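Undergrad: Sharing a structure below in structure tokens format, with a few things to ask.
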Amino acid sequence: MAKQKQNLSKAAQERLKNFEVKSQIVRDNKSVKKRDNSRAIVISLVAILVAVGLQFSYVTYGPGKPKPTPVQSNSAAVPDIALAENREWTGSINLNKTKMDITLDGKAAPQAVANFVSLVKKGFFENTKCHRLTESGIFVLQCGDPTGTGTGGPGYNWGPVENVPKDDIYRAGVLAMARVVDDGYSMGSQFFIVFNNSTLPRDKASGYTVFGKVTKGLEEVIKIAAKGVVDGAADGKPVSPAVLSKLSVK
């Protein structure tokens, strides 16, 4: 009987020992989870602060970071303003195979129109994706980047800013050039289509070059905007495909 009690005592001790080991593991796991949760909260807060900072600094639609010393001249690679012919151009943009009629103002924005016409005639924009949709405060679809990332361009930059609305209101249908904040000589191929009246504040380089407008077919942009932005954001990659399939000017 004494031996049986001793065996029971040993068994109880083993169970107690196992319980203590398991309890310590549970405590350790809880400690790790608590530490991981704290790290996750900190990382999330940092991500939110970075996103907010980027949103404030990137109201400019331009690829890349602001340049500390903007170049105030154009290289030989930039199309000659004479290509704009100081006149109004007509043409079309096929967005997702839906035709949008456009006009370009070669008189008010000769450098922008010369650049756009030159790129259209080279087929530069065809089969490129519109990479950015903004639908909070400002309502635009940004296109013209051959990489579809928001960082690409034609291999050159140009300026200056032309034909800025006096009231800073960019009305539905407007075609305007994207650029880097505070740098009027950072434009390339990226442009944006305004699908609802938007007020865009000026920076040190002025506003944004309005070079044309959509006269018919803006409904396609509105339809894309209605699908929203990836992950439910207010500014980013559009959920709906937005591809420039064909462009023409004359």
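The values are calculated or read from the model by the stated rules, or taken from the named source; none is laboratory data. Since we're looking at a predicted model, the values are computed, not measured. In this analysis, Cβ positions are derived from the backbone assuming ideal geometry, glycine residues included, and neighbour counts consider all displayed protein chains.
Undergrad: Would you check which residues across region 135-145 are part of a loop (DSSP other than H, G, I, E, B), buried (at least 23 other Cβ atoms within 10 Å of the Cβ) and either small (Gly, Ala, Ser) or touching a Ser or Thr at 6+ places or on another chain (Cβ under 6 Å) (or both) and list them?
TA: We begin by selecting, within region 135-145, every residue part of a loop (DSSP other than H, G, I, E, B); these are 137, 144-145.
Okay, now just the ones that are also buried (at least 23 other Cβ atoms within 10 Å of the Cβ), so 144-145.
If the condition is that a residue be part of a loop (DSSP other than H, G, I, E, B), buried (at least 23 other Cβ atoms within 10 Å of the Cβ) and either small (Gly, Ala, Ser) or touching a Ser or Thr at 6+ places or on another chain (Cβ under 6 Å) (or both), then GLY144 is the only one that fits.
Undergrad: I'd like to know if region 81-103 contains one or more residues that are among the aromatic types (Phe, Trp, Tyr) and more than 24 Å from the chain's Cα centre (by Cα). Don't jump to the end; show me each part of the working.
TA: Initial filter on region 81-103 (among the aromatic types (Phe, Trp, Tyr)): 89.
With the extra rule that they be more than 24 Å from the chain's Cα centre (by Cα), the set shrinks to 89.
Scanning region 81-103, I find at least one residue that is among the aromatic types (Phe, Trp, Tyr) and more than 24 Å from the chain's Cα centre (by Cα), so the answer is yes.
Undergrad: Separate question: Counting only residues that are touching a strand residue (DSSP E or B) at 6+ places or on another chain (Cβ under 8 Å) and of a type in the set (Ser, Thr, Tyr), which one in region 94-128 is farthest from ALA242 (Cα to Cα)?
TA: THR103
Undergrad: Could you list, in sequence order, all residues of region 230-247 that are assigned to a strand (DSSP E or B) and closer than 18 Å to THR128 by Cα?
TA: To start, the set of residues in region 230-247 that are assigned to a strand (DSSP E or B) comprises 235-236, 238, 243-247.
Once the filter is applied, which keeps residues that are assigned to a strand (DSSP E or B) and closer than 18 Å to THR128 by Cα, region 230-247 yields GLY236, PRO238, VAL243, LEU244, SER245, LYS246, LEU247.
Undergrad: Let me ask something else about it. Based on what the data block shows, is LYS99 exposed (fewer than 14 other Cβ atoms within 10 Å of the Cβ) and of a type outside the set (Asp, Glu)? Lay out the reasoning, then the answer.
TA: On the way: exposed (fewer than 14 other Cβ atoms within 10 Å of the Cβ): no; of a type outside the set (Asp, Glu): yes.
Answer is no for this residue.
Undergrad: From the set of residues in region 111-134 that are surrounded by fewer than 20 Cβ atoms within 10 Å (Cβ to Cβ) and over 17 Å from GLY212 (Cα atoms), which is farthest from the chain's Cα centre (by Cα)?
TA: LYS122
Undergrad: Of everything in region 180-238, what is on the phi > 0 side of the Ramachandran plot and without any contact (Cβ under 8 Å) to a residue 12 or more places away in the chain? Give them in sequence order.
TA: Matches in region 180-238: ASP231, GLY232.
Undergrad: Oh, and also: If I go through region 232-248 residue by residue, how many of them are more than 17 Å from GLY150 (Cβ to Cβ) and either surrounded by 19 or more Cβ atoms within 10 Å (Cβ to Cβ) or in contact with a Ser or Thr (Cβ under 6 Å, 6 or more places away or on another chain) (or both)?
TA: So in region 232-248, the residues more than 17 Å from GLY150 (Cβ to Cβ) come out as 232, 240, 245-248.
Filter once more, keeping what is either surrounded by 19 or more Cβ atoms within 10 Å (Cβ to Cβ) or in contact with a Ser or Thr (Cβ under 6 Å, 6 or more places away or on another chain) (or both): 247-248.
Total satisfying the criteria: 2.
Undergrad: Restricting to region 59-95, name every residue that is loosely packed, with under 11 Cβ neighbours inside 10 Å and either under 11 Å from TRP158 (Cα atoms) or modelled with pLDDT under 95 (or both). Steps first, please.
TA: Step one: filter region 59-95 for residues loosely packed, with under 11 Cβ neighbours inside 10 Å, giving 68-69, 72-73, 75-77, 82.
Residues satisfying the conditions are PRO68, THR69, GLN72, SER73, SER75, ALA76, ALA77.
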